[in-house]
Amino acid sequence: MSTATVAEPKAQQPARGSRRLSLPVLLLVIAGVLVLTSIVRLITGADGITSTGQMSTALRLAVPIGLAGLGGLWSERSGVVNIGLEGMMILGTWFGAWAGYQWGPWTGVVFGIVGGALGALLHAVATVTFNVNHIVSGVALNILALGTTRYLSKFTFADAPQGSAKQSPPIDSLGTFDIPGLSTWLTDLNDKHWFLISDLAGLIGGLVTDLSPLTVIAVALVPATWWVLWRTSFGLRLRSCGENPVAAESLGVNVYKYKYIAVVISGGFAGLGGAFLSIVASNVYLDGQTAGRGYIGLAAMIFGNWMPGGLALGAGLFGYTDSLNLRGGTVNVHALILLLAILLVFGAAYLAWRKKYVPAVTTAVVAVGMFLWYSFTNEVPRQVVSATPYLVTLLVLSLSAQSLRMPKADGLPYRKGQGK
């Protein structure tokens, strides 16, 4: 079949009143947020919010979320909703640790990918072949993965040296590296705490400091995914299955095959994210290690509007908030309350300019509440810090819900020949 036989699916028109941000506008918004963050840092003295260490930790925590999100992107672009990302990550953590402590970390990475792909294969059989509801299948897979790994751990890790029924033996490290010269220079520049310049140095320095080889691979998978799905005939056919499978089938596309491929690749990405958790983020498997990151990865994908670039931004945001648990969280989150209040003021002004007066007043009231919270406290309770990643997930999804556009046939049942 010629690569030109499948027409590019027509993009759904944006909702009335919504407008897709162009790249220059998006970069301007990011620059504005960075300037405001630098101002808040100077006002509050919370230098940790843009430190190199904070950004490096954020990147490490964003990787498994981003990999889960990439998995969801592949699956949902083919029309299969993948709530089972959490279960696939769980399988990745267990398989990665099981193979990693016996045969080395890179073998563990491979087995983690395989474990996630096996879970995805079950999801594909249920949803594609037997037309089981995608949500039901995904939730069932999550429960099955959790129960299976707990059961297997009792027989594999309990009697192993330094292992237990809920923890694997230690796994050898993949190692880390810095970009010679650049990492040290940016760290020194960040330590000077200059307005904006030091904040930029902290942001960039976090991307070139204390890197795992697997982090570099994970970051490279984002542009690779964009190229495969948007610049190849294979990607065009796969996306056509998620937009209009009946039309794709009429043009000779084997819809079942592409859905299976996409879902299995999805599981491989999620499994890789799980292996990252057990091999890189911590050198052991722990029961409950994923801590809902599969769901947060799904949220990052939705926040990114089913696009790799937006997904990466979402993963970075959620990874940053997650990193607050590890580095001066109570003080840093208190400073970020002031930043959020300022952003809400701008949001209220924008809504008023768009003549959406009720949302504008509501946003302004919330902004005042945030200012009062910041003014009458010195730090936030530790429980608020722990809940921050999940609160940010809910907040971001609620604010971006009106401008999202999922693949048209995502989650819809499909049977071969149904268009005849």
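The values are calculated or read from the model by the stated rules, or taken from the named source; none is laboratory data. Keep in mind that what you see is a predicted model, and the values were worked out from it rather than measured. Positions of Cβ are generated from backbone atoms using ideal geometry, with glycine treated the same way; all protein chains shown enter the neighbour counts. When the accessible area is computed, the model is the full protein with side chains, heavy atoms only, and any ligands, DNA or RNA have been set aside. Shrake-Rupley method; radii C 1.70, N 1.55, O 1.52, S 1.80 Å.
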*asked:* I'd like the Karplus ³J(HN,Hα) series for the range 346-359: coefficients 6.51, -1.76, 1.60, θ = phi - 60°, whole numbers in Hz, and an x wherever there's a Gly or Pro.
replied: 4, x, 5, 5, 5, 5, 5, 4, 7, 6, 9, 6, 5, x
*Give the dimensionless ratio obtained when the Cα radius of gyration of the range 89-162 is divided by 2.2 N^0.38 Å.*
1.23
*Roughly how many Å is it from the Cα centre of the range 330-363 to that of the range 169-199, as a whole number?*
32 Å
*Ratio Rg/Rh, restricted to the range 284-335 and using Cα atoms, in which Rh is the Kirkwood radius*: 1.06
*What net charge do the residues around residue 129 carry, taking every other residue with its C-beta under 11 Å from that of residue 129, with Lys and Arg at +1 and Asp and Glu at -1?*
+3
*asked:* Can you tally the net charge around residue 254? Count Lys and Arg as +1, Asp and Glu as -1, for every other residue whose Cβ sits under 10 Å from the Cβ of residue 254.
replied: +3
*Using θ = phi - 60° and the Karplus curve 6.51 cos²θ - 1.76 cosθ + 1.60, what whole-Hz ³J(HN,Hα) does each residue of the range 204-213 get, with Gly and Pro shown as x?*
6, x, x, 8, 10, 10, 6, 8, 8, x
_Residue-by-residue Karplus 3J(HN,Hα) for the range 188-196, coefficients 6.51, -1.76, 1.60, Hz, glycine and proline x_ = 4, 5, 5, 5, 6, 6, 6, 4, 6
*Under the Kirkwood approximation applied to all pairs of distinct alpha-carbon atoms, what is the hydrodynamic radius of the range 256-295 in Å?*
11.2 Å
*So what is the 222 nm mean residue ellipticity for the chain from helices alone, if each DSSP H run of at least 4 adds -39500 (n - 2.57) and you divide by all residues, rounding to the nearest 500 deg cm²/dmol?*
-22500 deg cm²/dmol
*Would you work out the relative contact order for the chain, in percent, from Cα pairs under 8 angstrom that are 6 or more residues apart?*
29 percent
_Going Cα to Cα from residue 192, which aspartates and glutamates come in below 12 Å? Please leave out same-chain ones fewer than 8 positions away._
47
_Over all directions, the average projected area of the alpha-carbon convex hull for the range 260-319 comes to how many nm²?_
4.4 nm²
*Per 5 Å bin from zero, what fraction in whole % of the C-alpha pairs of the range 313-362 is there, up to the bin with the longest pair?*
5, 19, 17, 17, 15, 14, 9, 4, 0
*Could you work out the local net charge near residue 279, counting Lys and Arg as +1, Asp and Glu as -1, over the other residues with Cβ closer than 13 Å to its Cβ?*
0
*Take every Cα-Cα distance within the range 270-420, group them into 5 Å bins from 0 onward, and report for each bin the whole-number percent of pairs it holds.*
2, 8, 13, 16, 17, 15, 11, 8, 5, 3, 2, 1, 0, 0
*Would you kindly calculate the mean projected area, averaged across all directions, of the convex hull enclosing the Cα atoms of the range 28-126, in square nanometres?*
9.2 nm²
_Carbon/sulfur fraction of accessible area - the chain, other protein chains in place, 1.4 Å, %_ = 68 percent
*What do you get for Rg/Rh over the chain if you use C-alpha atoms and the Kirkwood form of Rh?*
0.99
*Rounded to a whole number, what is D in µm²/s for the range 368-417 from Stokes-Einstein with the Kirkwood radius over alpha-carbon pairs (37 °C, 0.692 mPa s)?*
222 µm²/s
*Would you please put 187-198, 66-77 in order of how densely packed they are, using the mean number of other Cβ atoms within 10 angstrom per residue and starting with the highest?*
66-77, 187-198
*asked:* Kirkwood hydrodynamic radius, computed over distinct alpha-carbon pairs, for the range 87-211: how many Å, to one decimal?
replied: 17.4 Å
_Give me the 1.4 Å probe accessible area per residue for the chain, excluding ligands and nucleic acids, in Å²._
47 Å²
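With viscosity set to 1.002 mPa s and temperature to 20 °C, compute the Stokes-Einstein D of the range 197-301, Rh being the Kirkwood radius across alpha carbon pairs; µm²/s, no decimals. Can you show the working numbers first?
Working: Rh = 16.5 Å.
My calculation gives 130 µm²/s for D.
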